[in-house]
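Heads up, the thing below is written out as structure tokens.
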């Protein structure tokens, strides 16, 4: 099996039945992290994996395309009887989600163990 590169924009690690998704970079139109996030979580959903914690510690920028993908992921996870929870949400992305009225739809965590245990 190939080694997982820590330099990737999206790294998925299963922890106690929950898929923890570490995202690095900007979630903006045309960005590699945004495209890779959509692809990787689509793969998880196709395998019946709908319990997701998105670690956004290294995501400082979010635009309307990023908001759209997060909303889509939340809907997909709920339709699969799971959830999409946000970990380490930074100030600017939090303000964007609040401004568009979506912040209250996500569970927010600052501790990975608590986020994983919340399932």
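Each value in this text was obtained by applying a stated rule to the coordinates, not by laboratory testing. Note that this is a predicted model, so its numbers are computed, not measured. Glycine also receives a Cβ, built like all others from the backbone with ideal geometry; neighbour counts cover every protein chain displayed.
At 222 nm, what helix-only mean residue ellipticity would the chain give, in deg cm²/dmol to the nearest 500, using -39500 (n - 2.57) for each DSSP H run of four or more?
-12000 deg cm²/dmol
Beta carbons within 10 angstrom, averaged per residue: use that to sort the peptides 94-105, 60-71, highest first.
The peptides rank, most packed first, as 60-71, 94-105.
Multiply the residue gap between residue 13 and residue 117 by 0.36 nm, knock off their C-alpha separation, and tell me the result in nm, one decimal place.
Separation in residues times 0.36 nm, less the Cα-Cα distance, equals 35.9 nm.
Evaluate the distance, in nm, between pseudo-label points positioned 7 Å from the Cα of residue 61 and of residue 35 along their respective Cα→Cβ axes.
It works out to 1.6 nm between the two label points.
Among the DSSP beta bridges whose two residues both lie in the range 10-117, what percent are antiparallel, rounded to the nearest 5?
30
Quick one: if you stick a label point 7 Å off each Cα along the C-beta vector at residue 28 and residue 110, how many nm between them?
For the pair residue 28/residue 110, the computed spacing is 2.7 nm.
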